[in-house]
Structures are given as C-alpha cells and as structure tokens.
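Beneath this line is the structure, given in structure tokens, with notes to follow.
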Amino acid sequence: MLSEDLWERLNPPRFKTRAYEEDELPCPLDADIDSALAALTGQRQFETLARFTARHAVGMFGMYAVRMASLAVRVKEPEPLRRGMLAHCLAHYSCSGKFYWTPPGPYLIHRACRILELDPAEYFTDIPEMVPAYTRNAVAELLPPDGEEPDLGALLYVEGEDSGGFRFLKQPFTVDWSQMGLAEGD
C-alpha cells in the first residue's frame with residue numbers, strides 16, 4: 001500500500017486548503033496524491049485512504065480535483081481529469097457525502113472537458129468500481145444536462161493564467177451591498 005512517510009505527508013497537522021489551491025501547479029502534494037491514487041487497487045484501500053485522511057480529505061482531495069482540471073487544460077491531456085474525479089470521490093466518501101461546501105472540482109472538470117473537446121459524461125459515469133456505489137451515483141448526478149455549462153462565476157472561478165499557463169483561478173467573494181438594498185456597514 002502506501003509508505004508511512006507518504007501517509008504522514010497526506011495528513012499534515014496544519015493543512016490549509018487555500019494555500020494548496022494557490023500553490024504552483026504541479027506541486028509536491030500533487031505528486032503525493034498521485035502516488036496515493038495509483039496505489040488504490042480496491043474498495044478497501046479506497047475506504048482506508050478516505051478515512052485516514054478524513055481531517056483534510058474534503059479540502060485536499062477536493063482541491064486536487066480543481067487543480068487537475070487546470071492541469072489537464074494546461075497540458076492538453078485528459079488523464080489528470082480521471083485522477084481529479086477519483087480524488088473528488090475520496091472527498092465525497094470521507095464525509096459520507098454530507099458536504100456543506102461542495103468542492104467545485106466536478107464542475108471545473110466538466111468545463112475542462114469542454115475546452116479539450118471531450119465528452120464530460122465519460123468522466124462522470126466511468127468511475128472505478130472501487131468507489132462505493134453511493135459515491136459513484138452522487139458524482140454521476142453532478143453531470144449537468146446536455147448543453148448546459150456550469151456557471152464558473154457562481155463558483156467564484158474564472159478561466160485565466162498563472163506563471164505556468166492556463167489555470168482556473170479563484171475570485172475573491174465580494175458583495176455589492178447597494179444591490180442588496182443595504183448600505184455597507186449596516
């Protein structure tokens with residue numbers, strides 16, 4: 001399975017989702033997650049990885065999915081999309097599917113498929129059998145109906161670039177209080 005050293009790197013005591021989101025693409029944590037995903041051979045390993053990393057799984061695996069959507073477009077290769085979707089499944093499973101905040105990974109993977117001229121349905125429905133059925137089904141339900149595109153602006157993301165090339169970039173959350181009928185500071 002995974003080395004003790006890799007287990008420790010996947011469960012850092014002070015993991016910060018936002019810092020990981022803004023880290024260079026790819027970064028050392030991406031490589032660690034790649035190694036962990038490559039070691040998954042069955043449902044037992046999948047469940048063990050999700051449970052062991054439960055403290056950070058939603059942020060870590062959820063943000064990895066976002067990062068892989070960007071990487072796939074950057075390198076013009078679909079393989080990162082499969083890894084990203086598997087990581088999103090780990091995030092979903094780790095909290096029993098009860099997300100209060102749903103990482104936007106699947107929606108950005110959908111958009112990356114469109115940019116790469118791939119069929120998004122393949123990535124939402126061709127989830128490995130090692131993933132428990134309720135997680136596979138929940139992910140499949142996230143596939144927007146034919147012809148619909150996720151609203152990246154509503155997810156607070158835009159298509160942009162960083163020093164390495166294409167990247168889905170997170171936008172700061174701002175509120176125009178005048179549009180809400182309230183003055184700032186009320």
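The values are calculated or read from the model by the stated rules, or taken from the named source; none is laboratory data. Owing to the predicted nature of the structure, the values given are computational and were not obtained by experimental measurement. Here the Cβ is made from the backbone with ideal geometry for all residues, glycine too, and neighbour counts use every protein chain on show. The accessibility values were calculated without ligands, DNA or RNA, using every heavy atom of the protein model including side chains. Shrake-Rupley method; radii C 1.70, N 1.55, O 1.52, S 1.80 Å.
Some observations on this one:
- The one condition from (1) open to solvent by 50 Å² or more (accessible area, probe 1.4 Å); (2) of a type in the set (S, T, Y); (3) in a helix (DSSP H, G or I) that Y93 does not meet is (1).
- As a summary of the residue check, D119 satisfies the conditions (1) within 17 Å of the chain's Cα centre (by Cα); (2) on the phi < 0 side of the Ramachandran plot except for the one numbered (1).
- Pairs, first under 23 Å from R14 (Cβ atoms) in the range 35-54, second of a type in the set (S, T, N, Q) and open to solvent by less than 50 Å² (accessible area, probe 1.4 Å), C-beta under 8 Å, six or more apart: A50/S94; R51/S94; F52/N11; T53/N11; T53/S94; A54/S94
- Count - residues of the range 1-31 that are of a type in the set (S, T, N, Q) and under 24 Å from S70 (Cα atoms): 2
- Between G160, G185, the distinction of being at pLDDT 90 or above and either part of a loop (DSSP other than H, G, I, E, B) or not hydrophobic (A, V, I, L, M, F, W, C) (or both) belongs to G160 only.
- Helices (runs of 4 or more DSSP H) lying entirely in the range 1-82 (those with 1 or more residues that are over 19 Å from G105 (Cβ atoms) and either of a type in the set (G, A, S) or modelled with pLDDT under 90 (or both)): 4-9, 28-39, 43-52
- In the range 130-147, the residues that are touching a residue at least 12 places away in the same chain (Cβ under 8 Å) and not β-branched (V, I, T): M130, P132, Y134, R136, A138, A140, L142, L143, P144
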